[in-house]
Structures are given as C-alpha cells and as structure tokens.
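The values are calculated or read from the model by the stated rules, or taken from the named source; none is laboratory data. Only a predicted model underlies this, so the values are computations on that prediction, with no experimental measurement involved. Note that we place each Cβ from the backbone using ideal geometry, even for glycine, and neighbour counts take in every protein chain shown. For the accessible areas, the whole protein counts, side chains as well, though only heavy atoms, and no ligand, DNA or RNA atoms are used. Shrake-Rupley method; radii C 1.70, N 1.55, O 1.52, S 1.80 Å.
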Amino acid sequence: MDWPSIIRTLRERMGMSQKTFGEFFGASLASVYRWESGITTPLSAFKAKIIAKCRELDVPLDRFILIRKR
C-alpha cells in the first residue's frame, strides 16, 4: 500500500492540516509528517482507523495498492 498517498489524500479530503489530522487520529504532527513523507508507516492500530475513515469517505483504496515486480 502507498501509505503516504493514502494519508495525504484522506487528510485533504477531510480538509485538515497535518496537525489537525494527527489530533483526530491520536497521533502527533511529527508522525503525520513522517507518514506522508514515507519515512515511517503508521502502526497497525492507526492503519485500521485510517482505512475505516477512507471507507467512510469513499476514498478508493484500490488505487493505492503497489504491485512489485519480481
């Protein structure tokens, strides 16, 4: 999954800053910055919340699936 793009797309769909998005999900501004920059990925608990919110707001997750070549 392309977590940086998912998070950025969801955050923009929600009309939130990185700080507000972090507060909404119980994460820090620094965490959201690192997620969107691809430095780190969210912990499983955050991923579940993000996916649920994407489904609620009709953010299509299938376009963020990365196919790796062998």
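Observations
- Farthest positive-ward along the chain dipole, Cα basis, beta-carbon charges - from Ser17, Ile51, Thr40: Thr40
- Averaged per residue, the range 2-43 has 52 square angstrom of accessible surface, using a 1.4 angstrom probe with ligands and nucleic acids left out.
- Estimated at the nearest 10 Å², the accessible area of Glu36 is 10 Å² with a 1.4 Å probe.
- About the Cα centre, charge dipole magnitude for the range 1-67 (Lys/Arg +1, Asp/Glu -1 at Cβ), debye: 100
- In the set [x] 13.0; [y] 12.6; [z] 12.2, the label that goes with Kirkwood radius over Cα pairs in Å computed for this structure is [z].
- The range 16-56: C-alpha gyration tensor shape, a/c 1.5 cut-off, then a/b vs b/c: oblate
- Across Leu57, Leu43, Leu29, mean-square fluctuation computed from a Gaussian network of the chain (C-alpha pairs under 10 Å connected) peaks at Leu43.
- Carbon and sulfur %, accessible surface of the chain computed with the full protein complex present, 1.4 Å: 52
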